[in-house]
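Report on the following structure.
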Amino acid sequence: LKEKHKILHQLLQNSTSPVDL
Amino acid sequence: PEAADLRALARHLFRAYLKYFPLTKQPTRAILSGKTGDNAPCVIHDMKSLMEGEQFINCRQMPFQEQQQTSVLTAAHGGLTEVHMGSDYGVWGMTSISGQEPQNAVELRFFQSCQSRSAEAVREVTEFAKSIPGFTDLDLNDQVTLLKYGVIEVLIIMMSPLMNKDGTLISYGQIFMTREFLKSLRKPFCQMMEPKFEFSVKFNTLELDDSDMALFLACLILRGDRPGLLNVKPIEKLQETVLHSLELQLKLNHPDSLQLFAKLLQKMTDLRQIVTDHVHLIQLLKKTEVDMCLHPLLQEIMKDLY
């Protein structure tokens, strides 16, 4: 599934917007 | 103590919602009710005002834009120019609309611009999803599945406050596009927004505020019945907690709307049909519009969806 959804996967994994609430 | 935990969760999700979504319900309703004075949106009601709308946007700084945010998407799929949202490109996309342009091309390019904004909105929803306690601990494949099936439903809910019976705000609230104008576009473009108007006008009568919306969106993302999930139990457990938090929130925030929670559960069901119809319409567009280029991120989401 990850292979077919590379951009979604990347958005989920990226750490450019850390959840620092 | 349990109620205190549920309230803490509601506050946490509300903060995340305010952080990741650039235009929330409160300012939107102020714009739509004409309470923003000099900052009234530019109205698009025909092809001429559509062209003027582009000029209007090019003359104003686009709010909420951060280079860092756009670069994530451009890097993610090979830097296609259509995903740039900077003011250099304007709201409609890459070039200006010229007076000589055939109307067919105008509609197609407007659709491409809508796709760009939708892709950016998917990124916002992803960040919001990651802020839901426990979401990032789920199996990564399941996180992908939850987003794939939930994100268009979330976008339709987020679109609702932007709409009233006469039209919709676009371009971060800077433009109001009339419903009649959208209906006047050629087929099948004219069929795209009408079901969303019908849904939104009814949804808006529930009068949720932004703190309610945050919890409702989290419930939409955490659905244990999405096709292909590998490990349903932890998702259902998370959703149960968020549903309890939503139920409590509605009791406190809308003490006189006794059936509100039940009505919202029904809306979750209604949304699935709207998304199915939307995806079918996009698939029709792909077949009939030879010049159409579907955004890679949206393509990923819609492929084999319903």
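The values are calculated or read from the model by the stated rules, or taken from the named source; none is laboratory data. Since this is a predicted model, take the numbers as computed values, not measurements. FYI the Cβ positions are ideal-geometry reconstructions off the backbone, even for glycines, and counts take in every protein chain you see.
Among the listed residues B:Ala30, B:Ala105, which satisfies the condition of being assigned to a helix (DSSP H, G or I) and modelled with pLDDT under 80?
Every option except B:Ala105 fails the conditions.
Kindly indicate whether any position in segment B:248-269 is farther than 18 Å from B:Asn204 by Cα and surrounded by 14 or more Cβ atoms within 10 Å (Cβ to Cβ).
For segment B:248-269, residues farther than 18 Å from B:Asn204 by Cα and surrounded by 14 or more Cβ atoms within 10 Å (Cβ to Cβ): present.
So which of B:Phe176, B:Phe199 is closer than 19 Å to B:Lys263 by Cβ and among the aromatic types (Phe, Trp, Tyr)?
On the way: B:Phe176 fails: closer than 19 Å to B:Lys263 by Cβ.
The conditions single out B:Phe199.
Which residue, of B:Gln266, B:Gln283, is polar (S, T, N, Q) and either under 18 Å from B:Leu217 (Cα atoms) or in contact with a strand residue (DSSP E or B) (Cβ under 7 Å, 6 or more places away or on another chain) (or both)? Don't jump to the end; show me each part of the working.
Values: B:Gln283 fails: either under 18 Å from B:Leu217 (Cα atoms) or in contact with a strand residue (DSSP E or B) (Cβ under 7 Å, 6 or more places away or on another chain) (or both).
Just a single option satisfies the conditions, and that option is B:Gln266.
Check segment B:146-167 and report whether any residue there is among the aromatic types (Phe, Trp, Tyr) and within 13 Å of chain A (Cβ to nearest Cβ). Write out each step before concluding.
Looking only at segment B:146-167, we keep the residues that are among the aromatic types (Phe, Trp, Tyr), and these are B:149.
The next check asks that each one be within 13 Å of chain A (Cβ to nearest Cβ); those that pass are B:149.
Yes.
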